[in-house]
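Okay, so here's the structure we're looking at.
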Amino acid sequence: MKIYSNSPEDTNDLGLLLGTVCSEGDVILLEGDLGSGKTCFVQGLAKGLGFEGPVTSPTFVLIAEYRARIFLYHMDLYRLADGLVKFDLGLDEYFYGDGVTVVEWPEYGGDAIPSDHLRIRFSHEGPEARLLDCEFSGENRFDTYDRFRKAIFASKDDFVVEQG
């Protein structure tokens, strides 16, 4: 499924919709260049989970935890790109825990990234417009993907969606 977002507000709203349908154990991988809207999306997702405070990119802390109706674990693995971190970070404790785990820059997580996940690729379509290309992997993520798709179509926002 491909979703076109015309603004940061739309991207945030899409995150909010996903947050309202997430369940424990969901792993969401966010891919895209710097400034493509990943953190903006997570801010909406956190709100959809019921978190009311500020959400910032955890680039320098690696993992930020937010207490909501379900815990949100927000990871940014960008700083692992240099390959200097060679020790066990215990990421699996988050992936197989009781919360929703969102990972920016999952390509730097190696074998720790579970095969069962929802992947969203962000790309620039203009100064503020973005394309979000969504796909799921594994049987357990189909339910979240399907609920997200239904929430988008039920929303009053005019998102342009291509089924794929």
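The values are calculated or read from the model by the stated rules, or taken from the named source; none is laboratory data. Since the structure is predicted, the reported quantities are computational estimates derived from the model, not experimental observations. All Cβ positions, glycine included, derive from the backbone under ideal geometry; neighbour counts span all protein chains shown.
Could you check segment 19-36 and list, in sequence order, the residues that are outside any helix (DSSP H, G or I) and either of a type in the set (A, V, I, L, M) or farther than 22 Å from residue 150 by Cα (or both)? Within segment 19-36, 27, 28, 29, 30, 31, 32, 33, 34, 35, 36 qualify.
Filtered by the rule that a residue be small (Gly, Ala, Ser) and in a helix (DSSP H, G or I), segment 37-53 gives 44, 46, 48. Residues in segment 23-42 that are within 12 Å of the chain's Cα centre (by Cα), over 12 Å from residue 119 (Cβ atoms) and either surrounded by fewer than 20 Cβ atoms within 10 Å (Cβ to Cβ) or among the aliphatic types (A, V, I, L, M) (or both): 1 in all.
Taking the conditions exactly as written (surrounded by 13 or more Cβ atoms within 10 Å (Cβ to Cβ), out of contact with any Pro (no Cβ under 7 Å at 6 or more places or on another chain) and assigned to a loop (DSSP other than H, G, I, E, B)), does residue 60 satisfy them or not? Considered against the rule, which asks whether it is surrounded by 13 or more Cβ atoms within 10 Å (Cβ to Cβ), out of contact with any Pro (no Cβ under 7 Å at 6 or more places or on another chain) and assigned to a loop (DSSP other than H, G, I, E, B), residue 60 comes out as no. Give the residue that is farthest from residue 146 (Cα to Cα), with candidates limited to residues of segment 1-18 that are surrounded by fewer than 20 Cβ atoms within 10 Å (Cβ to Cβ) and hydroxyl-bearing (Ser, Thr, Tyr). So, considering only residues that are surrounded by fewer than 20 Cβ atoms within 10 Å (Cβ to Cβ) and hydroxyl-bearing (Ser, Thr, Tyr), the one farthest from residue 146 (Cα to Cα) is 7. Just one of the listed residues (34, 18) is farther than 16 Å from residue 134 by Cα and of a type outside the set (Val, Ile, Thr), and it is 34.
Each row is one residue, and each column tells you yes or no for (1) of a type in the set (Asp, Glu); (2) part of a strand (DSSP E or B).
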position	(1), (2)
119	no, yes
122	no, yes
126	no, no
131	no, yes
142	no, no
147	no, no
151	no, no
157	yes, no
161	no, yes
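Scanning segment 126-149 for residues that are touching a residue at least 12 places away in the same chain (Cβ under 8 Å), out of contact with any Gly (no Cβ under 6 Å at 6 or more places or on another chain) and among the charged types (D, E, K, R) gives 128, 133, 135, 139, 141, 143, 147, 149. Right, residue 164: within 24 Å of residue 8 (Cα to Cα) and modelled with pLDDT under 85 or not? Here the answer is yes, as residue 164 does meet what is asked. Close contacts from segment 70-97, counting a first residue that is closer than 18 Å to residue 29 by Cβ and modelled with pLDDT under 75 and a second that is among the basic types (Lys, Arg) and outside any strand (DSSP E or B), with Cβ to Cβ under 9 Å and a gap of 6+ residues or different chains, come to none at all.
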